[in-house]
Amino acid sequence: MSVTRTGALPVGADAAYDVVVVGAGVVGSAIARTLARHPLRIALVEASNDVGDGTSKANTAILHTGFDAAPGTLEARLVREGHRLLSAYARETGIPVEPLGALLVAWDEGQRAALPRLAEKAERNGHRTTRLLTAAELRAREPHLGPGGLGALEVPGEAVICPWTTTLAYATQAVRSGVDLHLNCSVEQVRPGDPYHRLVTRRGVLRTRHLVNACGLHADAFDALVGREDFVVTPRRGQLLVFDKFARDLVRHILLPVPGPLGKGVLITPTVYGNVMLGPTAEDLDDKTATGTTAEGLAGLREQGGRILPALLDEEVTAVYAGLRAATGQEDYRIAAHPGLRYVTVGGIRSTGLTASLAVAEHVRGLLADCGLDPGPERPLARLRMPNLGEAFSRPYRDARLIAGNPEFGAIVCHCERVTEGEIRAALTSTIPPGGLDGLRRRTRARGGRCQGHHCGAEVRALFEEYGPEKKGRGAR
Amino acid sequence: MNRTVDVLVVGAGPAGLAAAARLAASGAGRVEVLERERAAGGVPRHCARPGFGADARGLPLDGPAYARRAVRAALRAGATVRAGVSATGWAGPLTLDVTAPSGLERIRARAVVLATGARERPRSARLVPGSRPAGVLTTGELQRLVLRFGARREHLGRRAVVVGGDPVARDAVRTLRRAGVEVAAVVAEPPVGRHAFGAVPVLGGTVVTELVGRGRLTGVAVRGGDGRTATLRCDTVVFTGDWIPDHELARARGLPLVPGTRGPATDGSFRTAEPGIFAVGNLLRGGEPALVAAAEGRAAAAAVLDRLDGRPWPGGGVPVTASGPLRWVTPGLLGPVAAPLILRADRRLVRPVLTVTQDGVPLRRERLSGSLAPWRSVRLPLHWTSGVDLTGGPVVVGSED
């Protein structure tokens, strides 16, 4: 078990793996964790300097039930199973989840007429607890809603989750259970072979018997490296606005739009950090690095959000960002085994990858067996308890026993998010320490609040640099 | 741990320390100041420039020296000043929950003075589109970085753009240049005098439309008043001014805010809507100099002492709002004790005619002898509100310009 960020990769016999998973997003990390149950030599390889640094960090952070999936698809099945698996895993490992339930709000007659059809679809997907709400019931549930709500479909079970902790939990448990994690290690060439494929990376060559493509947006490009051209990933950009915590009391459920002929509309949802999120846009692009926001996108979101929840616009915006979903022009995942190549492609995991991740991983384990992998006996994974980032659960700055044991948990460094020095030091010395300040924010929330570092930026950076490579290069401070 | 004090001051900046010093010296009993930062003194601690008054010998003080003096004065007067201690929320009326390295506390006070200050709006709150690279700062973060690390390229870059035309933008320019960073331009939405920033080019009437760069900032796109666009090459951008009060505790207690400032509404004696809770300094609106904030802290002491003596809490007050080109006016409430109005305009107004009306009835109409600028407040003396009916409706301050 090791985590590497720089330097040459291990060579010789050490560098021969049974399975290499390429891509340490939520899906790749989940696959590595699931495989780590077996006595296999596994590497998780990632181009970025951190896990969960692509689409997995910039999404709507919803644990879906799959009520509106296309019935009969692989996605529908894996989302349904994934919801159950991840809900249980979150309880076990301390990933914050709040099962708020969703309301699909109808704003015109066409949308209201669509609600019963959505309820039937949910039933075909195995969700029998949806309920139609009248305008009066809707108003009672969401008193701050703008005028004109005609009714809603209630979907119990839809939940909000911390996407950062989820990916980090999978990867951490994988590493603690023996997986090698190689960061800053983009794969540039694949030389298929028998018994070993050779992966040429920026940091040297890796050999592996089996190969898993979990490259998300770049799954098509990686397929091309092994000579497959089965689909094209079109990035679909979703811009999002996060509002300050004062907005949290304005909304109680996940407010979903009713899909219609005029597009999908935007959602408004609380986050587990106690903020409110508005978005996403849906823009089909060519550029897989276009994670910037635009003036038109943000203005459009504010206009739509202001109709749904007028008071929201009075609150400060704490973050604007955009994520890219991996659309492939097919209303289902693109998961395929290529037994001749001992290779599994996990592509087209669109908006539901976070929810489905654990079920996708189980599915891939089966596909690898179809490719000839004999995983051997199962053993328990390393135990794991993640630091809590959720507002609905106990946080260190309010924990008298924790502070009595270590006063650093009583020293708040990031005031907006109430992040203590103890939490920051714990993250910086954890199994997978952050590669930068953004990674530290995803592990602790430090610098993620309304001031965006105005007050705490220098202090947080000083802590980071105490442990960072710069410290070693510079000598003692 | 539960404790009781006479006065709890939240925030050891200029306003909070001045209030604490005056109160402790006036026999208010046990006066305790909580400061969440590791050292007391507030924003002046980071402002290494003159402009903070003078010492006893008449020598000009810079920010850090001013901050040290303010802390010393509060301590000498008998106040307790505790740094690294955070008030995290209310446990009840006049009772705050506190987190410190020494543990959790619940502190009950006979009077609470909120002096939590203000912050500059960061890029996100200004809804500036584009990528999310490193190298995006506020003046506050810039100054703290320099104080903490000195001039380090990896933090400050080599070439910076400063956004905003307030006096604080000059602080940002000065800090950057002293650190050896070239300042490519000052970009300000309101028109700014060309020579306000010395040799640095000033783009007035210009807005930032996008941040560019992956990993590290590589430029900012701007649009001028004439619609022309350009991209300024830089690896650091500093967003300055555009203050928003740090009003978390005020809002957590449900204190009404003044719409224009987003600070808690107070009467002229700094009383908020809740008996026993006062608010002073830049929590009321942000952006005023330390000496102004400190004067408010001192001025609030009289009403705090009244409260400690058991005098009744005057309820209500008539709300005051700004209209037209006036951005905000404080205090938000007019009570029985007359107080000067402090006023800020959205744009430059030359010798404007200001009006005060109540329930649609004009009370006063007067031409100012000077001009209003968006980066400077103006104080209207007591006579401006002398005719206000304290049982009447809201008072509106407007401009005929």
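Read-outs throughout are calculated quantities, based only on the coordinates presented, and are distinct from any laboratory measurement. Because the structure is a prediction, the values reported are computed rather than measured. Note: ideal-geometry Cβ built from the backbone for every residue, glycine included; neighbour counts use all protein chains shown.
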Seminar exercise, completed: If every Lys and Arg gets +1 and every Asp and Glu gets -1 at its Cβ, then about the Cα centre the range B:266-368 yields a dipole, in debye to the nearest 20, of 500 debye
Problem set entry | Full-extension gain in nm, A:Glu362 to A:Arg383, via 0.36 nm per residue minus C-alpha separation | 5.6 nm
Problem set entry | Length-normalised contact order of chain B in % [C-alpha pairs under 8 Å, at least 6 apart] | 15 percent
Seminar exercise, completed: For B:Ser369, placing the label point 7 angstrom along Cα-to-beta-carbon and taking the range B:330-353, residues whose amide nitrogen sits under 16 Å are B:351-353
Problem set entry | Residue among B:Arg214, B:Arg376, B:Arg110 with the largest mean-square fluctuation in a Gaussian network model of chain B, springs linking Cα atoms under 10 Å | B:Arg214
Exercise. Between A:Ser186 and A:Ala462, what is the FRET efficiency for a Förster distance of 35 Å, r being their Cβ-Cβ separation, to the nearest 0.05?
Worked result: 0.70
Exercise. Under 14 Å Cα-Cα from A:Lys57, which aspartates and glutamates qualify once same-chain neighbours fewer than 8 residues away are excluded?
Worked result: A:Asp438
For this session: Show that you can apply the helix-only estimate: for chain B, add -39,500 (n - 2.57) for every DSSP H stretch of four or more residues, divide by all residues, and state [θ] at 222 nm to the nearest 500.
Result: -6000 deg cm²/dmol
Problem set entry | Over 57 Å [Cα-Cα, the protein assembly as shown], rounded percent | 13 percent
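Can you work out the FRET efficiency for the pair A:Arg124 and B:Thr95, with r the C-beta to C-beta distance and R0 = 51 Å, to the nearest 0.05?
0.40
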Seminar exercise, completed: The answer for the longest stretch of chain A without any exposed GluC sites (Glu not before Pro) (DSSP loop, at most 10 further Cβ atoms within 10 Å) is A:1-228
Problem set entry | Zone of A:Arg398's modelled label, taken as backbone nitrogen in the range B:245-274 under 20 Å from a point 7 Å along Cα→Cβ | B:247-255
Exercise. In nm, to one decimal, how far is the modelled label at A:Ser2 from the one at B:Val353, with both set 7 Å along Cα→Cβ?
Worked result: 8.2 nm
For this session: Normalising by the residue count of the range B:319-369, find the relative contact order in percent from Cα pairs under 8 Å and 6+ residues apart.
Result: 25 percent
Problem set entry | Top of B:Val258, B:Val162, B:Val98 by mean-square fluctuation, Gaussian network on chain B, Cα under 10 Å | B:Val98
For this session: For the range A:323-477, build the charge dipole from Cβ charges (+1 Lys, Arg; -1 Asp, Glu) around the Cα centre, then report which of A:Thr355, A:Gly439, A:Ala411 sits farthest towards its positive end.
Result: A:Ala411
For this session: Looking at the protein assembly as shown, send over the antiparallel percent of its DSSP beta bridges, to the nearest 5.
Result: 65 percent
Problem set entry | For the range B:375-384, Karplus couplings with θ = phi - 60° (6.51, -1.76, 1.60), whole Hz, Gly/Pro x | 9, 9, 8, 10, 9, 9, x, 4, 5, 5
Exercise. Considering amide H positions built from the backbone, and no H for Pro or chain starts, which residues 5 or more places from A:Thr318, or on another chain, come under 5 Å of its amide H?
Worked result: A:Val242, A:Phe243, A:Asp244
Exercise. Any idea which of B:Thr138, B:Gly157, B:Val192 is furthest toward the positive side of the dipole for the range B:124-210, if Lys and Arg beta-carbons carry +1 and Asp and Glu beta-carbons -1?
Worked result: B:Gly157
Problem set entry | Counting DSSP beta bridges with both ends in the range B:122-239, the antiparallel % (nearest 5) | 40 percent
Exercise. Pick from B:Arg344, B:Arg68, B:Arg38: which residue has the top mean-square fluctuation in a GNM of chain B where Cα pairs under 10 Å get a spring?
Worked result: B:Arg38
Exercise. Rounded to the nearest 5, what is the percent of antiparallel bridges among the DSSP beta bridges in chain A?
Worked result: 70 percent
Exercise. With the contact rule set at Cα under 8 Å and sequence spacing of 6 or more, what percent relative contact order holds for chain A?
Worked result: 21 percent
For this session: Could you tell me the largest-minus-smallest coordinate of the C-alpha atoms of the range A:346-435 on each of the three principal axes, in descending order and whole angstroms?
Result: 53, 32, 26
Exercise. Looking at chain B, do any whole DSSP H helices span at least 18 angstrom along their long axis by alpha carbon and average 0.0 or above on Kyte-Doolittle, and which?
Worked result: B:290-308
Exercise. Taking Cα centroids, how far is the range B:257-310 from the range B:5-35 in Å?
Worked result: 13 Å
Exercise. With charges set only on the Cβ (+1 for Lys and Arg, -1 for Asp and Glu), what does the dipole of the range B:122-239 come to about its Cα centre, in debye to the nearest 20?
Worked result: 360 debye
Exercise. What is the calculated FRET efficiency for B:Ser102 to B:Ala302, with r their C-beta to C-beta distance and R₀ = 35 Å, to the nearest 0.05?
Worked result: 0.55
Problem set entry | Theoretical gain in end-to-end length, B:Ala338 to B:Arg233 [0.36 nm per residue, Cα-Cα removed] | 32.6 nm
Problem set entry | Theoretical ellipticity at 222 nm over chain A - DSSP helices of four or more residues, -39500 (n - 2.57) apiece, nearest 500 | -9000 deg cm²/dmol
